[in-house]
Amino acid sequence: MISRLPLLRNTLLGFCALAGAQAFAAAAPVEYFQLEKGFLPEVKLPTGGVALPAFATPNPWAFETVYLMSTNAKGQRTWRIENFLPGQASSQGSTMYLFEGAKLALLVDTAQNTPSEMGKNDLKTIVRHLLGHTNSGDVKPNPVDFVVANTHSHGDHTGKNSQMSDRPLYYPELDWPANAPANWVPIKEGGGAGPHGPAIGKIDLGDRVIEAVNIHAHTPGSTGYLDRENEMLATGDALGSGFVWAHFGMISQYAASAHHVVETVAPYQNLTVLPAHFFQNSSADRQYPPMNGRPVDKQYLTDQARVADAILDGTLIAEPYAVGRGIVWGGIDSARVCFALNRITPDGPKAYLAVQMSGFTSNRTRPQLAKIKSNFYLIRGLAEETIYLVKGQTRALLIGSGAGKPGLGELVRRLIGRTPVEVVVLSDDADQMGGLSQLAAKKVYVPKGMTMPAVAGAEMVAIGDGDTIDLGLNQEGRPLLFSVAGLTGHSKVGLTLVDESDRVLFSGHALGMQTPDGGLILNDTLENFSTALAAWRAKTDGKYDLVYTAKNFEWMTAAEFVDQVQDAASRGVKEGDAAMYNSIKPAGLRMVRSTRVDDAAASIVVAGTKAIPGGDAPAVGGRGGRGARGPAPAPAPKR
Ligand SMILES: [Zn+2]
């Protein structure tokens with residue numbers, strides 16, 4: 001049996017090679033750094049990034065440089081065209097690709113709108129120069145002309161579109177803008193009718209066909225360009241470069257896209273993946289194992305699909321990502337995906353999902369996070385509730401137990417192993433108590449005055465203002481002590497916890513969540529809440545830098561959020577109806593917003609009130625409302 005194995009393998013290989021040969025000639029080998037004649041190499045840093053400025057000497061080709069990637073048996077060439085930003089500020093580069101056919105060429109993307117001199121070193125002149133010369137540098141008679149296709153709508157890939165108004169520009173149908181120029185043609189996988197006229201699905205370059213492949217999520221219409229014969233796939237930002245920014249869309253859509261691409265490219269053993277920020281292949285974390293700076297490949301696509309699946313089934317442990325205050329990321333093997341906890345599927349999450357707040361990347365994000373020295377997880381639940389888990393050396397504390405969907409107990413075990421767990425319930429809300437029976441907790445702390453739930457095998461402990469929960473020592477051997485402070489308003493028995501060693505406040509439902517709509521649901525008067533809040537602040541102020549609520553989908557809420565809760569309450573008390581709008585979440589009541597509607601926005605919806613005609617709240621994006629001032633939220637940078 002053993003002796004026959006090599007024979008069998010050879011037979012299989014022979015068959016596969018034959019099957020491939022029947023379809024196409026073998027793909028030409030690809031080189032990534034074969035500089036095109038007459039162009040300058042970008043200066044690489046030892047860290048894998050690109051130097052500032054990107055070119056060591058004045059560049060006759062403005063901010064572009066070109067690498068010849070391959071020449072196939074038909075003499076058709078493929079180039080990588082790099083575009084870097086001017087000046088010292090950033091060398092963030094965007095990558096274009098040029099596919100040459102017998103009758104036409106295709107330029108994928110137009111990168112950033114960097115300055116150039118028309119007719120001398122603009123993008124069209126560069127492309128014509130490439131198509132107009134042979135590989136040995138001679139002038140090529142009758143060179144082919146070219147058309148353009150965009151992978152997606154972001155400005156760092158469409159920057160020079162306006163220079164291409166004299167030729168067809170294929171643009172993803174689902175990214176289509178209002179007032180698209182007349183030369184734009186919708187493109188989508190398979191082509192077909194659509195809202196902007198018939199879309200095409202393939203671009204025939206003459207003896208070379210490039211097919212559109214839907215890779216949605218990074219943008220609604222993100223499109224890849226597949227050359228089956230030469231086994232190349234330009235992915236834009238949809239799958240690559242260093243890691244995927246999937247947080248603009250739903251992870252469920254991203255997972256479907258990733259699996260679709262993996263299936264589509266399954267026949268191509270030597271697939272070359274061509275991402276739109278090529279330099280990221282070797283920068284940041286990708287310079288280390290397992291990628292060691294090598295370009296993304298077919299395995300990377302498979303790994304990306306695995307990451308998406310692991311986000312959906314809750315097996316991925318995420319960490320805060322350096323951009324924004326709500327984006328997390330996580331990876332498996334060669335893949336890494338950025339995503340938003342509130343964009344898992346259109347119907348919410350399908351599994352409990354953990355974010356390790358004290359992970360290695362958190363130290364690079366915000367200084368407040370670097371102060372967290374405990375093993376600390378944010379757990380997003382299936383009812384969009386948030387639970388927290390803090391692990392000390394000998395026992396762990398779960399803050400809230402969620403709405404009670406299955407899976408929490410399993411996840412907690414996975415995170416802390418056999419460490420005994422205690423649970424604290426911060427209010428009589430259903431999403432604080434629902435999961436108690438899953439946890440095999442030794443001790444359950446419950447607010448004084450609340451009806452004790454029955455939990456088999458657990459010691460029930462009533463706690464209130466001034467009490468402490470002692471978790472022993474944290475991972476660094478420092479005391480891990482939580483002080484309890486009562487705050488009524490949402491609930492008559494509402495509690496908060498301050499973890500003084502990590503400088504974190506767990507506020508449960510007592511402060512609502514950070515948002516201009518439906519933040520705090522107040523089941524008391526604004527006057528009573530203002531009084532309670534002032535008394536609570538006297539005990540807790542200065543002891544924390546971060547606030548985690550029972551509804552957080554963001555990992556970063558600064559302590560100044562509490563100022564904004566107080567601000568909203570005071571405005572409601574002082575100005576009365578003049579400060580109130582009709583509520584949005586839930587609708588039908590009256591609410592008051594904090595003065596600031598930016599990063600620290602607070603809002604209070606007052607139970608027992610009634611919406612009034614004409615009293616609707618202005619959209620926060622427009623910020624036209626009374627008292628709506630302060631800086632606008634920083635827009636997420638586009639990639
Ligand atoms: Zn992008």
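General remarks:
- Look at the alpha carbon pairs under 8 Å that are at least 6 residues apart: their mean separation over the length of region 192-246 gives a relative contact order of 23 percent.
- Over region 353-606, Cα pairs under 8 Å with separation of 6+ residues give a relative contact order of 15 percent.
- Span from the region 401-478 Cα centroid across to the region 267-290 one, whole angstrom: 44 Å
- Nearest-0.05 FRET efficiency for Lys202 and Val144, computed from C-beta distance (R0 22 Å): 0.80
- Taken along the Cα-to-beta-carbon direction at a fixed 7 Å, the label points for Ala26 and Glu384 span 5.5 nm.
- Once the Cβ-Cβ distance of Ala56 and Arg294 is raised to the sixth power relative to R0 = 25 Å, the FRET efficiency obtained is 0.55.
- Over 30 Å between alpha carbons, listed pairs Lys298/Lys391; Lys44/Lys298; Lys37/Lys188; Lys543/Lys610; Lys188/Lys405: Lys298/Lys391; Lys37/Lys188; Lys543/Lys610; Lys188/Lys405
- Theoretical gain in end-to-end length, Met118 to Glu263 [0.36 nm per residue, Cα-Cα removed]: 47.9 nm
- Take each peptide in 472-482, 279-289, 563-573, count the other Cβ atoms within 10 Å of every residue, and average; sorted highest first, the result is 563-573, 279-289, 472-482.
- Value of [θ]222 nm, deg cm²/dmol, for the chain, DSSP H segments ≥ 4, -39500 (n - 2.57) each, nearest 500: -5000 deg cm²/dmol
- Mean separation of Cα pairs under 8 Å and 6 or more residues apart, divided by the residue count, gives region 28-141 a relative contact order of 20 percent.
- DSSP finds beta bridges in the chain, and of those with both partners inside it, around 65 percent are antiparallel.
- Positive-end residue, the chain charge dipole about Cα centroid, Cβ charges, pick of Pro320, Asn230, Asn179: Pro320
- Neighbour counts of C-beta atoms inside 10 Å place Ser165, Ser94, Ser427, Ser334 in the sequence Ser165, Ser334, Ser427, Ser94, starting with the fewest.
- In region 428-549, the convex hull through the Cα atoms has an average projected area of 8.4 nm², a quarter of its surface area.
- The antiparallel fraction among DSSP beta bridges confined to region 19-340 stands at about 65%.
- Taking 0.36 nm per residue of separation and subtracting the current Cα-Cα distance, fully stretching the chain between Asp309 and Lys37 would add 93.5 nm.
- P(r) weight above 25 Å for region 19-340, C-alpha pairs, percent: 48 percent
- Distance cut-off 35 Å, percentage of C-alpha pairs in region 353-606 lying past it: 11 percent
- Note on region 507-585 and region 140-212: Cα centroid distance 49 Å, given to the nearest whole angstrom.
- Protection proxy ranking, highest mean first, for peptides 170-183, 131-144, 503-516, 297-310: 503-516, 297-310, 170-183, 131-144, where packing is the per-residue count of other beta-carbon atoms within 10 Å, averaged.
- Highest-first arrangement of 316-327, 197-208, where packing means the average Cβ count within 10 Å: 316-327, 197-208
- Farthest toward positive dipole pole in region 471-574 [+1 Lys/Arg, -1 Asp/Glu at C-beta], among Leu520, Ser491, Ser570: Ser491
Computed from the coordinates by the stated procedures, all read-outs in this text should not be read as laboratory data. It should be emphasised that the depicted structure is a prediction, and the values quoted were computed from it without experimental measurement. All Cβ positions, glycine included, derive from the backbone under ideal geometry; neighbour counts span all protein chains shown.
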